[in-house]
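Heads up: the structure comes next, in structure tokens.
The values are calculated or read from the model by the stated rules, or taken from the named source; none is laboratory data. Keep in mind that this is a model prediction, so the values were computed, not measured. Note that we place each Cβ from the backbone using ideal geometry, even for glycine, and neighbour counts take in every protein chain shown. Note: accessible area is taken over every heavy atom of the protein model, side chains too, but ligands, DNA and RNA are not part of it. Shrake-Rupley method; radii C 1.70, N 1.55, O 1.52, S 1.80 Å.
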Amino acid sequence: MKISVFVRNEEQYQTVKRYPVSHIYSDDLSLVQKYPEIYYQMPRVKVDTLSCPLRVLVNNVGIMKEFYDHKEMIGDYFLNIANLSTIKLYSKYLKHMTLSIECSKEEVSLLKEMADKIEIFLYGRVEVMILKRHPAITKNGYLLQDREGHVYPTRVDGEGHVHIFHYEPLNRISEMSEYQKLGISFYRIDFFDESVNDIKQILEQVF
């Protein structure tokens, strides 16, 4: 069993490092530059390929082909990978890849042939939308509320793009044993604004 963890700041990184995680991801370029073991989640808009570190969490097919042979790449869930043909094609470029969030266990069972290349998203807030610009949301900390009262947290990247995340974390930790029976050995946990204690409680459920 191998657990990959997404962190967003140094405190989360230092907490995660106390556990036997196999890979660490982050969208914080300065953190990645400080700790080169981290895989950098590339921006989805306006990618500066010249500044990308050696290890990348890639979400763009064109960039994936451009980096072939000179970057160490893992596929992000934004690639929407959901079938054997795509997994076989992308495995020429990627160490392994996170499956589409929408894949059910029944659909995953059809992919057992390539189970050693598949990473299952176990826990975390899924990004549901990205806005190139927004007149009001200009910094981290803004919350969007829908008519039913659900509150969606947002993050603003260095280019001013607004990333909107689901109002509650997706949690499949209790289903991990079922995925293991299908031969899956890679699992992913994404942290958003969880505290140190929250991180410990979540990681101790899988280790």
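Data overview
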{"item": "Average Cα contact separation per residue, the range 1-68, under 8 Å, 6 or more apart, as relative contact order %", "result": "24 percent"}
{"item": "Positive-end residue, the chain charge dipole about Cα centroid, Cβ charges, pick of 170, 52, 189", "result": "52"}
{"item": "Overall dimensions of the range 95-207 by Cα: Rg and Dmax, Å", "result": "16.4, 48"}
{"item": "Table column - 3J(HN,Hα) (Hz), the range 183-198, Karplus curve with 6.51, -1.76, 1.60, x for Gly and Pro", "result": "x, 6, 10, 9, 9, 10, 10, 10, 9, 10, 10, 4, 6, 4, 5, 4"}
{"item": "Portion, in percent, of the accessible area of the range 69-158 that falls on carbon or sulfur, probe 1.4 Å", "result": "49 percent"}
{"item": "Size of charge dipole - the chain - debye, nearest 20, with Cβ of Lys, Arg +1 and Asp, Glu -1, no other charges", "result": "400 debye"}
{"item": "Among beta bridges that DSSP assigns inside the chain, antiparallel share in %, nearest 5", "result": "35 percent"}
{"item": "Hydrodynamic radius by Kirkwood, which averages 1/r over all alpha carbon pairs of the chain, in angstrom", "result": "17.7 Å"}
{"item": "J(HN,Hα) series, the range 133-145, from Karplus relation 6.51 cos²θ - 1.76 cosθ + 1.60, nearest Hz, glycine and proline x", "result": "8, 8, x, 10, 7, 10, 8, 5, x, 6, 10, 10, 10"}
{"item": "Over the chain, relative contact order from alpha-carbon pairs under 8 Å, at least 6 apart, %", "result": "22 percent"}
{"item": "Rel. contact order, % - alpha carbon contacts under 8 angstrom, at least six apart, the range 11-122", "result": "16 percent"}
{"item": "Of 95/181; 92/139; 17/132; 46/139; 71/117, those spanning more than 28 Å from alpha-carbon to alpha-carbon", "result": "92/139; 17/132"}
{"item": "Residue among 127, 72, 175 with the largest mean-square fluctuation in a Gaussian network model of the chain, springs linking Cα atoms under 10 Å", "result": "175"}
